[in-house]
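See below for the structure under consideration.
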Amino acid sequence: MATQIDDGPPKVLVVEDEFIIALDLSETVRDLGYRVEGPFACRDHAMIAIDGKLPDLAILDVMTADGEVFPLADALTEAGVPIIFHSGHVTEKDVAERYPEAQAVSKPCPPDQLIAMIERARELVH
């Protein structure tokens, strides 16, 4: 994956297979003035979408329509993209062991908690 320079608002990749939660996450991201890439219900569709154009950060559910999101998370981590895991399937401890730089929260989480996590993730890249 390669990064292209983009002077627009930060782009947030959203991978979530539960429709209502995906819409809610996307709306929260847009309300912050960020662009949404997705939402994607499938990890593989998200991989295709970001090929050549990495997001500034990613919000990922662990269990997607086509399996666990970890191959995508591995690629994003390798590229230095901050990740927020938003899932009912992993604990913060599980995430910290595999992705020490990532944040994790159980879903659904209050919007203010998600906003704080997005702001922390953005600080990592700026």
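The values are calculated or read from the model by the stated rules, or taken from the named source; none is laboratory data. Predicted model, so just to flag it, every value in this text is computed and none were measured. Ideal geometry is used to build each Cβ from the backbone, glycine not excepted, and the neighbour counts take in all protein chains shown. We work out accessible area using only protein heavy atoms, side chains counted, and drop any ligands, DNA or RNA first. Shrake-Rupley method; radii C 1.70, N 1.55, O 1.52, S 1.80 Å.
Any idea which of (1) within 16 Å of D24 (Cβ to Cβ); (2) touching a Phe, Trp or Tyr at 6+ places or on another chain (Cβ under 6 Å) is the one G88 doesn't satisfy?
(2)
Can you tell me how many residues in the stretch 69-99 are assigned to a loop (DSSP other than H, G, I, E, B) and either open to solvent by 10 Å² or more (accessible area, probe 1.4 Å) or aromatic (F, W, Y) (or both)?
Qualifying residue count, the stretch 69-99: 9.
Exactly one condition in (1) in a helix (DSSP H, G or I); (2) within 12 Å of the chain's Cα centre (by Cα); (3) not small (G, A, S) is not met by I48; state its number.
All conditions pass for I48, except number (2).
One residue is enough: does the stretch 103-113 have a residue meeting the conditions touching a helix residue (DSSP H, G or I) at 6+ places or on another chain (Cβ under 9 Å), of a type outside the set (S, T, Y), open to solvent by 10 Å² or more (accessible area, probe 1.4 Å) and under 15 Å from P10 (Cα atoms)?
no
For the stretch 100-118, which positions are assigned to a helix (DSSP H, G or I) and in contact (Cβ under 8 Å) with a residue 60 or more places away in the chain?
P111, L114, I115, I118
Quick check on the stretch 38-55: of everything there that is closer than 15 Å to A79 by Cβ and touching a helix residue (DSSP H, G or I) at 6+ places or on another chain (Cβ under 6 Å), which residue is most open to solvent (accessible area, probe 1.4 Å)?
Out of the qualifying residues, it is M47.
Taking L72 as the residue in question, decide whether it is under 18 Å from C42 (Cα atoms) and within 13 Å of the chain's Cα centre (by Cα).
Answer is yes for this residue.
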